[in-house]
Amino acid sequence: MPTPLVRLALHRASGTAHYGVVLPDGAVTACATVSPDWMAIAERTAHTDCRACSRALLALTTPAHPGLSLIALPATGTGKSPVGHQMIPGHLLGHCGKPLDHERTPSARACRACAHFATVLQRLKERAHGLLLPAHSPCHGEPGLLGAPLDRGNLVTGHRSNALTGKGFCETPLSGPNPGALNVCAPCQRHGREADAARRDHTLLRMREHADALRSQVSTAFDGRASVLRAGDAYTVSGCSDAHYVVATTDLGGSHIDTLVYLPAEDRIADLRLHRDRLLAIQRPASFRPVASRR
């Protein structure tokens, strides 16, 4: 019977959180960190996530990108005889954590770190007799989903994400979703209402026209990582059949980028966050006049 994949830590309230399984003979993490003191913790806590375990979660839960098999690709910026890295499904990211270049010839030389990562993950699956994975997060999120502050110090109060700044509407840097928040930040609520009105009255109308025009325009189609998105692009992503039309993007240099998108299937403007190495099928128009930034 499959074993649930859970978050593990050495301390209940702080420290580094890992992903793994709890077995009769002890807990095992996806990064093979050994300790007799692992304890299961909740999904949203003040812990810092282990980077290797976070990559393992991506590898286990992300659907593969259509038309691109999981081949060994060279890392970006490498020489003529590069080492090949195993792709995390749906990402231009190796199992070892290096960003990959999908426009170069696949390499026959294997990255040892990627091979070790894959071996550890396979052993985890075998010891657990299969993994029961967390529920897949919806691509678009729920309207009104609140975010957690970067330091995760106060998880009681949630903040509304503003893709035009990459922060909350109150300018608080955010780390990710906070579905367990009990309260809404008052400045976020106030500025968010103002932004909703501007988007409804101006941005939504403009993007409906752009989406209709792009379907008949001459455009360039290519596969690329999320960090190359720009205003006017349309994209699809593995695991979601809907088209996303980019209003604006914000890249603060972290592991994720923030995008303001129009979703024709839901006829709304949404603030989304994408891993910067997420692999997308992108459609780029010959010209597009960006929508003026509005809070």
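Descriptive notes on the structure:
- Helix-only CD estimate at 222 nm, as mean residue ellipticity for the chain, using -39500 (n - 2.57) per DSSP H run (n ≥ 4): -5500 deg cm²/dmol
- Volume per residue of the convex hull around the Cα atoms, evaluated for the chain, comes out as 142 Å³.
- Relative contact order, percent, the chain [alpha-carbon distance under 8 Å, six or more residues apart]: 15
- Accessible surface of residue 55 - all protein chains present, 1.4 Å probe, nearest 10 Å²: 50
- Summing Cβ point charges (Lys, Arg +1; Asp, Glu -1) relative to the Cα centre of the chain gives a dipole of roughly 440 debye.
- Within the listed set 247, 218, 22, the residue fluctuating most in the Gaussian network model of the chain (springs between alpha-carbon atoms under 10 angstrom) is 218.
- As a calculated quantity, the FRET efficiency between residue 64 and residue 14 at R0 = 41 Å, using C-beta atoms, amounts to about 0.70.
- Gaussian network model of the chain, Cα within-10 Å springs - most flexible of 214, 23, 92: 23
- Summed over all non-identical Cα pairs, the Kirkwood treatment of region 60-126 gives a radius of 12.1 Å.
- Normalised size of region 78-194, defined as Cα radius of gyration per 2.2 N^0.38 Å with N residues, equals 1.49.
- Here residue 213 and residue 136 are evaluated by their C-beta separation; at R0 = 35 Å the FRET efficiency comes out at 0.60.
- Computed accessible area, residue 229, all protein chains, 1.4 angstrom probe, square angstrom: 10
- Long-range HN-HN contacts of residue 279 with modeled amide H, under 5 Å: 91, 92
- Taking amide H as placed 1.01 Å from N in the peptide plane, the amide H of residue 233 sits under 5 Å from that of 246, each at least 5 places away or on another chain.
- Fully extending the segment from residue 118 to residue 190, taken as 0.36 nm per residue of separation minus the present Cα-Cα distance, adds 21.2 nm.
- 5 angstrom amide H check on residue 71, placed H, neighbours 5+ away: 87
- Cross-link partners of residue 125 among aspartates and glutamates (Cα-Cα below 18 Å; sequence separation of 8 or more within a chain): 25
- Phi to ³J(HN,Hα) by Karplus 6.51 cos²θ - 1.76 cosθ + 1.60 over region 224-236, Hz, x for Gly, Pro: x, 7, 4, 5, 8, 4, 9, 4, x, 5, 10, 8, 10
- Per residue, the chain exposes an accessible area of 51 Å² to a 1.4 Å probe, with every protein chain left in place.
- More than 18 angstrom apart: percent of Cα pairs within region 165-248: 60
- In sequence order, region 85-91 has phi-based couplings of 10, 6, 6, 6, x, x, 9 Hz under the Karplus curve 6.51 cos²θ - 1.76 cosθ + 1.60, θ = phi - 60°, and Gly or Pro positions carry x.
- Atom-type composition of the exposed protein surface of the chain places 54 percent of the accessible area on carbon and sulfur (1.4 angstrom probe).
The values are calculated or read from the model by the stated rules, or taken from the named source; none is laboratory data. Source: prediction; values computed, not measured. Positions of Cβ are backbone-derived with ideal geometry, glycine not excepted, and every protein chain shown enters the neighbour counts. SASA here: full protein model, heavy atoms, side chains in, ligands and nucleic acids out. Shrake-Rupley method; radii C 1.70, N 1.55, O 1.52, S 1.80 Å.
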